[in-house]
Each structure stands twice: as structure tokens, then as C-alpha cells.
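A.B. asks: I am attaching a structure below and will ask some questions about it afterwards.
The values are calculated or read from the model by the stated rules, or taken from the named source; none is laboratory data. All values derive from a computational prediction rather than experimental measurement. Note that we place each Cβ from the backbone using ideal geometry, even for glycine, and neighbour counts take in every protein chain shown.
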Amino acid sequence: MTYEPVRVAIVGCGNISGGYAQRLGTQPDKIRITGAYDIDHARATAFCERYGGRAYESLDALLADAAVELVVNLTSHTMHTSVSIAALSAGKHVHSEKPLAGTLADGARIVTLAHERELRLSCSPFTFLGEGQQTLLRELRSGRIGRVLAAFTEMNWGQIERWHPNPAGFYDVGAGPLLDVGVYALTLLTALLGPVTSVVGFGRVVMPTRTVGSGPLAGQTFTVNTPDLVVGGLEFANGAVGRLTASFMPGASRQAPGSELHGELGTLRIDHNHDFNGNVELYDNATGEWTTVPPISTPYKGVDWGRGLFDLADSLRLGTPQRVTGRQAFHVLEICLGILQSAEEGQPVAIASTFEVPPAVE
């Protein structure tokens with residue numbers, strides 16, 4: 001079914017904006033880019049020359065444009081709250097890059113404002129929409145491993161400063177491996193198993209000084225201000241327990257950035273929480289054998305950065321379920337901040353928020 005494309009404007013034309021724009025351009029029947037804004041106007045101009053639309057002179061100019069229906073917030077971690085609040089206040093729907101906010105209070109402000117204004121709010125990660133992740137979801141919900149008892153997940157992401165031209169922000173309060181990449185695993189696990197009710201945490205700054213490895217800042221050093229290694233324990237409302245590891249450690253890890261779900265009848269495993277072409281395997285307790293589970297459809301290699309927005313566009317225009325929601329993103333934010341709080345205080349932290357588990361992709 002065709003419809004009038006949702007008109008979106010990009011705020012923040014940094015590294016990730018190209019990935020979004022390239023994929024959004026593959027379905028012009030669903031999304032139309034009206035323009036972009038960046039504090040560096042030259043970057044916004046270059047973005048629009050390549051992907052189309054107007055390079056806005058200011059955020060206010062973008063928000064004043066009645067043609068813009070939805071703002072895609074791709075700013076730095078520290079700017080997510082102010083940009084999302086401004087966009088919602090201007091009557092625009094919002095999709096934000098992760099994390100939703102840097103504090104629980106700011107996350108609550110964003111979710112509450114979207115609800116009060118009757119606007120749509122979605123937030124990355126949306127990678128649970130990938131073919132591999134949806135295959136895992138189908139097998140789990142079909143009862144292949146029975147009741148889930150435990151879940152283990154890894155997001156050991158290496159040194160961001162080796163490839164990112166301006167990496168210091170990833171090591172500051174409000175970011176770090178938990179809020180930057182741990183959210184991929186937590187969003188997948190909560191999409192599979194539902195809400196978390198309690199967490200415990202351990203975290204340390206293991207490598208306090210980092211050196212930029214590429215770009216114009218190469219050779220400069222900076223200080224790590226938030227744990228670069230975090231381990232979190234999870235208690236789910238359904239009775240399952242879990243463990244998450246997230247890190248920005250040097251070297252390489254042979255622990256795949258994937259998840260294992262251990263049930264009464266067997267184990268389901270995906271070898272990548274992030275990439276849509278993660279491989280899914282099933283271990284059957286009765287046979288004692290691992291088998292590969294065929295994907296539900298041909299997987300996209302890597303991440304389709306448009307997938308969450310295409311899903312939101314369908315929801316806005318056709319009334320289909322909105323699978324990527326601000327409420328789940330807020331729940332994941334509370335889990336992350338709870339793990340960090342527990343690491344500081346040395347005791348469990350209760351998680352108060354909840355959300356509706358997203359339906360499977362048909």
C-alpha cells in the first residue's frame with residue numbers, strides 16, 4: 001500500500017547521518033528528506049548537496065518549517081535531550097539516536113512531552129527488527145526452548161578512539177560502553193523477554209587515558225570519565241535472570257557480540273546483537289546437538305539504518321503497530337543507569353518503568 005511519504009529533517013550531520021540518509025533514500029515512497037541542520041553549517045550543506053533538501057541555518061528555522069513532520073535526532077549524546085524536547089515542543093514527531101537521554105529525569109521529560117502532545121517518539125536501537133533478530137524471536141515464541149531461565153549477552157566493542165575522529169564524548173558521563181553499545185543487547189533482550197525489574201552492576205575505568213588514532217585530532221590524548229568496562233546482572237519480570245558485559249577495551253575479543261537464551265528444553269543463540277545478518281542456532285537438550293536455524297528472509301548485511309524509520313512511517317500512515325518506542329528506550333535507559341548506580345553503591349537497584357513488548361515483524 002502506498003502513501004504520502006513522511007517528511008523528515010535530520011539534525012546532526014556527523015558520522016552516522018550518511019548511513020541513515022543512504023538507506024532512507026532507498027524507499028522514497030515512505031520517507032522524504034526535507035533537509036538538515038548541523039552546528040557546522042558546512043556539514044549540513046554537504047549533506048543536502050548529496051542527499052537533497054534544504055540546509056537550514058538554525059534549529060529554530062528547521063522546527064519552524066511546516067513541511068517537516070518528523071525530526072531525526074542524530075546529535076551527540078549530550079544534545080539528545082535538548083533537541084528532542086525542542087522538536088516535540090514544536091509539534092514534530094521524533095526519532096532519536098541512542099541513548100534517549102543522559103539522565104532518567106530527562107528521559108522522563110521526553111517521554112511525557114511526546115505523550116502530552118500526542119506525538120510519536122521512537123529511539124534507536126531498532127536492530128531487533130533485523131532478520132536474524134526476528135528469527136530468534138520467532139523461535140523463542142514458538143516454544144522451541146520452553147521457558148527461558150537465563151540470558152547471557154556480550155557487547156565488547158573495542159577501542160572507539162582507534163577509528164572515530166572525535167571519540168572523547170563516547171567516554172564521558174552519559175555515554176560509555178553501556179549507554180553506547182550495551183543498549184543494543186538490552187533492547188534485544190527486553191524485546192525478547194520483556195521488562196527488567198531489578199539490576200546489579202560492576203564497573204571500572206580500566207584504561208583511564210586514551211589516544212585518538214585517526215583524523216585531525218590523531219595523537220591527542222583524553223581522559224575517560226565513565227566506566228569503560230561494565231558488567232550488569234538482570235532480573236526479568238518473567239522470572240528469567242541475565243548477565244550483560246559491555247566494554248571499550250583494547251585488543252580483540254573472541255566473545256561474539258551476541259546473546260544466548262537458555263531454556264528448559266534447550267538454548268537459542270544469535271552471534272550478533274547489532275548486525276541484521278546475525279546467525280541463529282538452536283541446541284536441543286533431547287538430542288544434544290546444535291543446528292542452524294534458517295533466517296525468516298534474506299538478511300540485510302550489517303545494519304539497515306532506515307529500518308526503524310520505515311516501521312514508524314508505516315505506523316504513522318497505516319496505523320500498524322509502532323515497534324520501536326520511546327517507552328522501551330526509556331526502560332533501557334533506566335536499566336543502564338541502574339547498573340551504573342549499583343556499581344557505585346554496591347547494592348541492587350529496582351527498575352520502576354515498563355513497556356509493551358513489540359510484536360514480531362510480519
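A.B. asks: With the requirement that a residue be among the β-branched types (Val, Ile, Thr), touching a residue at least 60 places away in the same chain (Cβ under 8 Å) and under 18 Å from Gln134 (Cα atoms), what does the range 307-349 give you?
C.D. replies: Scanning the range 307-349 gives Val324, Thr325.
A.B. asks: Which numbered condition in (1) at pLDDT 95 or above; (2) polar (S, T, N, Q); (3) out of contact with any Lys or Arg (no Cβ under 7 Å at 6 or more places or on another chain); (4) under 25 Å from Ile110 (Cβ atoms) is the only one that Thr34 fails?
C.D. replies: That leaves (3) as the condition not met.
A.B. asks: Also: Take the range 91-113 and flag every residue that is assigned to a loop (DSSP other than H, G, I, E, B) and buried (at least 18 other Cβ atoms within 10 Å of the Cβ).
C.D. replies: Lys92, Glu97, Lys98, Pro99, Leu100, Ala101, Gly102
A.B. asks: Residue under question is Ala87, and the condition is that it be more than 26 Å from Asn166 (Cβ to Cβ) and either in contact (Cβ under 8 Å) with a residue 60 or more places away in the chain or buried (at least 21 other Cβ atoms within 10 Å of the Cβ) (or both); does it hold?
C.D. replies: When the stated conditions are applied, Ala87 does not pass them.
A.B. asks: Report every pair of residues separated by at least 6 positions or lying on different chains whose Cβ atoms are under 7 Å apart, first residue within the range 94-117 and within 18 Å of Ile339 (Cα to Cα), second part of a strand (DSSP E or B).
C.D. replies: Every condition considered, the pairs that remain are Lys98/Cys123; Leu100/Cys123.
A.B. asks: Within the range 148-155, does at least one residue satisfy the condition of being in contact (Cβ under 8 Å) with a residue 12 or more places away in the chain and either part of a loop (DSSP other than H, G, I, E, B) or touching a Cys at 6+ places or on another chain (Cβ under 7 Å) (or both)?
C.D. replies: No - not one qualifying residue is present in the range 148-155.
A.B. asks: Within the range 21-41, which residues are touching a strand residue (DSSP E or B) at 6+ places or on another chain (Cβ under 8 Å) and either closer than 16 Å to Pro5 by Cα or not in a loop (DSSP other than H, G, I, E, B) (or both)?
C.D. replies: Matches in the range 21-41: Ala21, Leu24, Gly25, Lys30, Ile31, Arg32, Ile33, Thr34, Gly35, Ala36, Tyr37, His41.
A.B. asks: Here's a check for you: in the range 237-295, which residue that is modelled with pLDDT under 95 and aliphatic (A, V, I, L, M) is nearest to Ser124 (Cα to Cα)?
C.D. replies: Only one residue tops the list, namely Ala256.
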